[in-house]
Every structure is written in structure tokens, then in C-alpha cells.
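Here's the structure we're looking at; comments come further down.
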Amino acid sequence: MKHSIGSYPRVRVQDDGRQVVSQAGTVLFVETARKTGLDQVISAALAPWRKPRAVHDPGKVLLDVALAVALGGDCLADVAVLRAEPAAFGPVASDPTVSRLIDALAASGEKALQAIRSARSEVRDRVWSLAGENAPDTGGQVVVDLDGVLVIAHSDKEDAAATWKKTYGHHPLTAFVDHGPGGTGEPVAALLRPGNAGSNTAADHITTAQLALAQLPKRYRRGRQTLIRTDSAGGTHDFVSWLARRGRWLSYPVGMTVTEAIHEHVLKAPASAWTAAVETNGEVRDGAWVAELTGKLLDGWPKGMRLIVRKERPHPGAQLRITDADGMRITCFATNTTGRPIAELELRHRLRARAEDRIRAARATGLRNLPLHTTAQNKVWLRIVQIALDLLAWMPMLALTGKARLWEPRRLRFRLFTAAGQLVTTGRRRILRLARHRPWTGHITAALERLALLPNPG
């Protein structure tokens, strides 16, 4: 009688395997970059930084690092995972070459950053056209969420400082385009700031919004069809006035701080002024009501601004604040949207919480920490992170369907990108064979088939 010595089969491991490709699912990124033209556009944008006798194209070097970050890498050296698979990813630059390129781009300052931004904007326009009904502007409006992120520094870095949460690091201000309930979102701006930068600095919000608008297709850079959404950090006179300025005409819901004057108006509001809040499925939100405040509260603010307040029973164990009233949690936001029920407007603003999902994805994709020392270098790193997040948003938008479009980076990596494959060369063709028994192989092959149907760039 044989006795088992463990719960799993025992196998002998050898390191002499050939034609085996690890991270084979990453070909989804390669095909996405090819079909969107990202590789060509980035290459053209960074051509001025290519030295006459250089072997490696700066655009491909930067894109290789972005691919590594999209796979979960958190430093420049993680590009080694691609270098080990030349049959799938082509020649990949050495670590010293990568470092020299980052230093060169950092030394060029705004010129290099603008080149990368322009390339991403050009590709984004094509991606949205290819996406059709899956594009973020399908409903006739583009929603841009602005939010701050605290990035912890575990060593001394330039501009690292104490944060408002009593940690140490940086405080970038980011912007993401919301893909709505059927998708995720994509980054359109990231303003690197010291850790002690203010949360409600109007100048930084304006700069971030300008960077975000420049990333959108030209038809969405002004006008009511573009919605800028922020929390109360954006609720300043200067920022709201900038959004509403004549000729810009942007739509907005902006969180507002509950002041003493707002608190007094809430206490005086009659029962008839309150309307039940709603959920995304149209059902009434239990224990929550909304009302519009008028009168002198709007003095000094842009014409057409509306002030909407919500009161809600706090969750069990929640601590009430001094500005809360009658045992209710009070929140407030301003908007310039008319012709829609205030409960619907409040729900639209509440969905700003989706930005937290985008920030969580960014932290899992290179924004957990800034790996380089100088601010100029880390600004380049932020652009690499944004390219990685672009790919993580564009690939599902173009190639995945159903619930798979909602998968966050960690799930995409575990289910799709970590798939191993066998590379077979027959005649003049190279075939990457994936394990048929793997649960998500069908997702990979179906996604590649959808990408193959898209027209080639140019």
C-alpha cells in the first residue's frame, strides 16, 4: 500500500526548457500598441532623443518599461522580464541604456514631457474612434475626475515632504476619464507635487484640468459635453470660476465644504424641500435625502451655479462631525447643470467615488512609490505609469467583453498576462501556443481575434 507524502504531485524541475514564453498573455498589450499606433507615435515623438549610432529606439525603450509596469513592475530594472523573451518582445535595452534614456528625458524637462503627452493624446483620439460604442464619449459626454494621491517615500527623494496624513512622500494631483459602469477608466493627467502641497490649491487644480483637457479629442476640450468632477478640494472660488469662464463652458459638479452658513440653511430647510436620494438602479436610497439651497449662499459665485446638499443617516459606528445636523451626515456640492432632477445630479456626483478605483489601480501599477531620486526623473516615471494605465484601459475597451472589461490590473495579470506559452516556428511563421486547459485561454484568443479585426494605423 502506497502512502502519500503530500497533497500535491511531485515533479522534477529542470532549467533547460526552450521555446517557452513566460508572460505570454502580454501579447495582448503588444497587439494593442500595434493596432492603436502607440508604438509608432511614441517612437516619432521621442526621435529627437535618439543618438546617431544608437541601437535602441527611445520610443520602444520607454514603451518596454511601460509594458513591464503594466505587468506589475515597480522599477526600471523590471524590464528584464521582457528582455528574457526576445521572440515575443523584440530586442529590449539593457538597464544602463534604460537609465540613460530616463536621465536624458529628465534633463530635457517640459520638452520631453510635452512630447509624450502629445503622443498619448494623438493615440487616444484613434482609440476612442476604434472603440465605437465602448468609447467613453458614447453617451455624448466625457467625465473627468480629479483627485489627489499620497505616494509614500521610504527614502529621501527630492520634494518628498510630510503629508497631511502625517506620512512622508509626494502628493500628486491626478485626472482620469471615467468609462462608466461598463468599463474602468484611463489617466489623462498627473501633476507631481511635494508631499506638503495643499489639497485645495486652485492653481494646481487648474493646471491639472488643463493637462487633462489637452489629452481629450479637440471637440471635448471646451463645452458642456465635458464634465469636470472633483471632491471638496476643488470647491474654491478660483477653480469654479475658471471652469465656468465664458468661452470654456465646462460642466462641473464640485464638492463643497459645509460651512456654518450652509449648516444654518440645512437646519432651516422645510421638509417639503427634501427629495429622496436614489441608487444607480433607480431605487430609492434608504435614509438619504437631497435638497437645493438658494439665496445669499450663492453670492460671489459664478452665475448659474447651483448648491445641492445631501443628508444621510450615518452608517453604524460612524463618527458625526460638528457640521452634521440632527444626527445626519451632511455633504454638499455645486454644479452648473440644469434641467435634471437634483437626485439624479447628486447620484452623478456621488459616482465620483469611481476615481478611488482608478487610484487603486494606479497604486498597483507603478504608483505605490516613486522609484527614482530627482523630481525630474519621477515626472518621467509618472508618464511611464500613465502609458501603462492607458494600455490597461485600452486593451479591455477594444478587446474584452462582459465582466472581463471590468477586471482591475491584478486580476488581468493573474488571469491573462501570466499565461505561459510555447513558441513554435514553422516555415516563416511563429506561432505562440497557449495551454488549452487554462480557464482563461479563451479570453486571450478571443481578445486577439477582436484586435486582429481592427484596421491597422496609417
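Each reported figure results from applying straightforward, stated rules to the coordinates on display, with no laboratory input. Fair warning: this is a prediction, and the values are worked out from it, not measured in the lab. With ideal geometry, Cβ positions are generated from the backbone for all residues, glycine too; neighbour counts draw on all protein chains shown.
The calculated 222 nm mean residue ellipticity attributable to helices in the chain amounts to -11000 deg cm²/dmol, summing -39500 (n - 2.57) over DSSP H runs of n ≥ 4 and dividing by all residues. First check a/c for the stretch 96-188, with a ≥ b ≥ c the square roots of the eigenvalues of its C-alpha gyration tensor; if it is under 1.5, answer rounded, and if not, answer prolate when a/b is larger than b/c or oblate otherwise. Judged from the Cα gyration tensor, the stretch 96-188 comes out oblate (a/c at least 1.5, b/c at or above a/b).
Annotation: aspartates and glutamates with alpha-carbon distance below 18 angstrom to Lys303 (same-chain offsets under eight excluded): Asp238, Glu292.
Rounded, prolate or oblate, given the Cα gyration tensor of the stretch 1-80, with a/c below 1.5 counting as rounded? Display every interim value, and only then the final one.
Working: a/c = 3.42, a/b = 2.82, b/c = 1.22.
It comes out prolate by the Cα gyration axes.
Considering only Pro187, Ala175, Gln215, and ranking their Cα positions along the charge dipole of the stretch 157-232 that arises from unit charges at the beta-carbon of Lys, Arg, Asp and Glu, the one farthest toward the positive end is Gln215.
Taking the structure as given and computing Cα Rg over 2.2 N^0.38 Å, which label from (1) 1.01; (2) 1.09; (3) 1.44 fits? The calculated read-out lines up with (2). Extension gain for the segment Ala420 to Arg50, taken as residue separation times 0.36 nm less the Cα-Cα distance, is 129.8 nm to one decimal. Across the stretch 277-418, the relative contact order, built from alpha-carbon pairs under 8 Å that are at least six residues apart, equals 17 percent. Take the Cβ atoms of Arg18 and His315, set R0 to 56 Å, and the FRET efficiency comes out at 0.45.
Among 356-363, 208-215, how do they line up by average Cβ neighbours within 10 Å per residue, starting with the highest? Provide the component values of the computation, followed by the final result.
Working: 356-363: 18.5, 208-215: 21.4.
Highest to lowest by the protection proxy: 208-215, 356-363.
At the listed q of 0.31 Å⁻¹, the Debye profile of the stretch 221-276, built from one uniform point per Cα, gives log10 I(q)/I(0) equal to -1.14. Restricting attention to the stretch 133-194, which trypsin sites (Lys or Arg not before Pro) occupy a DSSP loop and are surrounded by at most 13 other Cβ atoms within 10 Å? When the trypsin sites (Lys or Arg not before Pro) of the stretch 133-194 are filtered for loop state and at most 13 Cβ neighbours within 10 Å, Lys165, Lys166 remain.
When the Cα positions of Thr32, Val424, Pro86 are compared along the charge dipole of the chain, Val424 comes out farthest toward the positive end, with charges on each C-beta of Lys, Arg, Asp and Glu.
Rank by packing, highest mean first: peptides 216-226, 293-303, 7-17, with packing defined as the count of other Cβ atoms within 10 Å averaged across residues.
On the way: 216-226: 16.2, 293-303: 12.3, 7-17: 5.6.
By packing density, highest mean first, the sequence is 216-226, 293-303, 7-17.
Is any helix in the chain, taking whole DSSP H runs, at least 30 angstrom long along its axis by alpha carbon and on average at least 0.0 on the Kyte-Doolittle scale, and which ones? Spell out each step's value before the answer.
On the way: long enough: 110-131 (31 Å, -0.52); 375-399 (36 Å, 0.84).
Qualifying helices, which must be both long enough and hydrophobic enough, are 375-399.
Per residue, the average separation of C-alpha pairs within less than 8 Å and at least 6 apart gives the chain a relative contact order of 21 percent. Here the peptides 182-188, 236-242 are ranked by packing, the mean other Cβ count within 10 Å, and the order with the highest first is 182-188, 236-242. So what's the gap between the Cα centers of the stretch 105-125 and the stretch 61-77, to the nearest angstrom? The two parts, judged by their Cα centres, are 17 Å apart. Bridging of Lys60 to lysines at a Cα separation below 28 Å is possible for Lys35, Lys51, Lys111, Lys157, Lys218, Lys379, once same-chain residues fewer than 8 apart are set aside.
Please report how far the C-alpha centroid of the stretch 381-401 lies from that of the stretch 144-220, rounded to the nearest whole angstrom. Rounded to whole Å, the Cα centres lie 17 Å apart. Farthest toward the positive end of the dipole of the stretch 319-458, out of Ala362, Leu382, Leu448, is the Cα of Leu448, where the dipole comes from beta carbon charges about the Cα centre.
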